[in-house]
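J.: Got a structure for you, written out below as structure tokens; questions coming shortly.
The values are calculated or read from the model by the stated rules, or taken from the named source; none is laboratory data. What you are looking at is a predicted structure, and each value in this text was computed from that prediction instead of being measured. Every residue, glycine as well, gets a Cβ built from its backbone with ideal geometry; the counts of neighbours run over all protein chains shown. Side chains included, ligands, DNA and RNA excluded: accessible areas come from the protein's heavy atoms. Shrake-Rupley method; radii C 1.70, N 1.55, O 1.52, S 1.80 Å.
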Amino acid sequence: MDPLVFGLVAAAAVLHVTWNVLLKTAGDPLRAAAVGMATAAAVICPTALVVWFAVGRPPVPVEALVLSVVSGFIEAVYFALLAAAYRRGDLSIVYPLARGTAPLLAVALGTLVLGERLGQVGDLGVALLLVGLLSLQRPWRYLRASGRESGGAAGFAILTGVAIASYSAVDRVGVRQTEPWVYAGLIWASCTVFLWAYVWFYRGQVARRRLVEPVTAAPDLIGGSFSNRRAGIGGLITLGAYLMILIAFTVAPLTAVAPLRESAIVLASGWGSFRLREAADRRDAIGRITAAVLVVAGAILLALD
């Protein structure tokens, strides 16, 4: 692999994990996501507009506009689901489940809907993914045994993976309709609008519930400290990761970029298990990281099939 591609994708993986650590440790993951996306939009949208004027205002097809809005909406749903998962569960479980579900869903759609067939390498990849994802469910047994409730974190994480697969499919089509930087600006703008609309709607729901049931906590919005500055920095971090992957795709094929990108799963699992002390003990930590490695190995084999 070209050292430039390796460096870009590896750096993007580290940045993406950093962004997710910031979301997980934020007192309000949903608001942190909204502030982060708004901060990134304040950078990418004006930049894309200036470049668009500078290069002679190339036409932006209606299809690109429509797909960017659809993608922005799905990404807003993705952040809402991810925030719900992080409020209920561990980074070392939620992140691998969310990222690992996406390639597995893509394979299911390809084989069941499009009639595609996997080779032996792909079959092995699916098997490793399934074993890894199922192994990641085991920590919830510990949570229940110790009196800590997961509150449906695994379910939200899997739905997050469905959202990832959905907006990725839309983006594969949309990014080819216009310049990538134009499409990125459109996505960030629409996602920010949809996400903040949801935040305001949800806060209204929470306020009404508090009037009726003052003791009931809203798991997505209540508890912990919050920093707009940290959230804004996180938004810039995820923007940087996105642009690095975009550059890598221009100089390397998907089969080279995707496997290395999924290495972030192991980084997140290791950071959550040890740094955030999410694991019950060393054996539990090793089990979580091993399951994450299986998920990454499965994703790599699917990309190479």
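J.: With r as the distance between the Cβ atoms of ALA169 and GLN205 and R0 = 30 Å, compute the FRET efficiency 1/(1 + (r/R0)^6) and round to 0.05. Intermediate results must be reported in sequence, preceding the final value.
T.: Details: r = 30 Å, r/R0 = 1.00.
My answer for the efficiency is 0.50.
J.: Classify the stretch 25-138: rounded, prolate or oblate, from the alpha-carbon gyration tensor (a ≥ b ≥ c, eigenvalue square roots; a/c under 1.5 rounded; otherwise prolate if a/b is larger than b/c)? Before the final figure, lay out the partial values.
T.: Working: a/c = 3.02, a/b = 1.37, b/c = 2.21.
Oblate is the answer for the stretch 25-138, as a/c is 1.5 or above yet b/c matches or exceeds a/b.
J.: Using a/c under 1.5 as the rounded threshold, could you call the stretch 158-199 rounded, prolate or oblate? The axes a ≥ b ≥ c are square roots of the C-alpha gyration tensor eigenvalues, and prolate needs a/b larger than b/c, oblate otherwise.
T.: oblate
J.: Give me the number: length gained by fully extending LEU4 to ARG176, i.e. 0.36 nm times residue separation minus the C-alpha to C-alpha distance, one decimal in nm. Intermediate values should be presented prior to the final figure.
T.: Details: separation 172, 0.36 × 172 = 61.92 nm, distance 2.35 nm.
So the extension gain works out to 59.6 nm.
J.: Leaving out ligands, DNA and RNA but keeping every protein chain, what accessible area does SER168 have, in Å² rounded to the nearest 10, with a 1.4 Å probe?
T.: In the full protein context, SER168 sits at about 30 Å².
J.: Express the carbon and sulfur contribution to the solvent-accessible surface of the stretch 13-102 as a percent, rounded to the nearest whole number, probe 1.4 angstrom.
T.: On the way: 2260 of 3090 Å².
C and S fraction of accessible area: 73 percent.
J.: What is the extension gain from SER227 to ALA127, computed as 0.36 nm multiplied by their sequence separation minus the C-alpha to C-alpha distance, in nm to one decimal?
T.: Working: separation 100, 0.36 × 100 = 36.00 nm, distance 4.13 nm.
Value of the extension gain: 31.9 nm.
J.: Can you compute the modelled spin-label distance between THR47 and ILE286, with each label point 7 Å from Cα toward Cβ, in nm?
T.: 4.4 nm
J.: Now for a separate question. Using a simple spin-label model with points 7 Å from Cα along the Cα→Cβ vector, what separation in nm is obtained for VAL55 and VAL251?
T.: Result: 1.8 nm between the two label points.
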